[in-house]
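Colleague: Just dropping this structure here.
The values are calculated or read from the model by the stated rules, or taken from the named source; none is laboratory data. Please read all numbers here as calculations on a predicted model, not as lab measurements. Every residue, glycine among them, receives a Cβ derived from its backbone with ideal geometry; neighbour counts consider all protein chains shown.
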Amino acid sequence: MRKTFILILNLVLFFGCANKNNEHIKVVGNIDYNGLSGTWYIVGLYKNGECNNDEITIDYMIEKDSFSYLKRQISRTKQDKKETKALVEKGKIRILKDRSGALEISRFGLFYDSYNIVNLDVNYKSALIVGDGDFWVIDRKPQMPFLMREIYTKYLLKHGFKQDQICWKNDEKR
């Protein structure tokens with residue numbers, strides 16, 4: 001009885017955490033992964049809670065056939081303008097061989113979620129990365145030009161996200 005319970009629990013965890021590959025979304029190809037390395041700012045993301053103006057950076061580091069990343073969040077208080085830096089995440093990114101913009105990201109080391117680079121600036125200055133019901137927009141600068149934000153917003157709306165799910169960082173209108 002106990003073995004059956006453990007087997008069922010493992011199957012539920014395995015299939016419950018499995019993520020669908022986003023086949024309906026066109027993936028960017030022919031990526032020079034060296035162009036992705038370095039520091040990026042998250043300037044737009046899926047709003048799954050409070051949307052604040054904390055600065056979030058991601059440092060991508062190339063390894064043999066994958067990337068590692070460090071995600072940091074900088075909070076600033078308006079009263080005393082103090083900065084609080086916190087390491088939010090550390091993880092791995094695997095590159096899928098069949099599509100160079102198709103990635104698997106592991107935040108906790110056990111499970112990988114599928115994400116696709118669906119838009120990448122020719123000069124590697126901005127990118128849109130979409131997962132199953134999740135996305136983020138990254139840029140080399142803390143604030144993205146308004147025209148680029150509009151282009152990404154239209155893409156996200158076309159692919160099933162709602163306007164109130166899109167959080168733009170450093171947005172004066174919020």
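Colleague: Write out, first by first residue and then by second, each pair whose Cβ atoms fall under 8 Å of each other, whose residues are 6+ apart or on separate chains, and whose first residue, in the range 144-164, is more than 18 Å from Ile117 (Cβ to Cβ) while the second is assigned to a loop (DSSP other than H, G, I, E, B) and not hydrophobic (A, V, I, L, M, F, W, C).
Modeller: Every condition considered, the pairs that remain are Asp164/Lys47.
Colleague: Would you please name the residue that is surrounded by the most Cβ atoms within 10 Å (Cβ to Cβ), looking only at residues in the range 115-172 that are aliphatic (A, V, I, L, M) and part of a helix (DSSP H, G or I)?
Modeller: Within the range 115-172, the match that is surrounded by the most Cβ atoms within 10 Å (Cβ to Cβ) is Leu156.
Colleague: Given the criteria loosely packed, with under 10 Cβ neighbours inside 10 Å and either within 30 Å of Lys162 (Cβ to Cβ) or modelled with pLDDT of 90 or more (or both), does Phe5 qualify?
Modeller: So Phe5 does not fit the description; no.
Colleague: From the residues in the range 129-147 that are aliphatic (A, V, I, L, M) and touching a strand residue (DSSP E or B) at 6+ places or on another chain (Cβ under 6 Å), which one is farthest from Lys47 (Cα to Cα)?
Modeller: Restricting to residues being aliphatic (A, V, I, L, M) and touching a strand residue (DSSP E or B) at 6+ places or on another chain (Cβ under 6 Å), the top hit is Met144.
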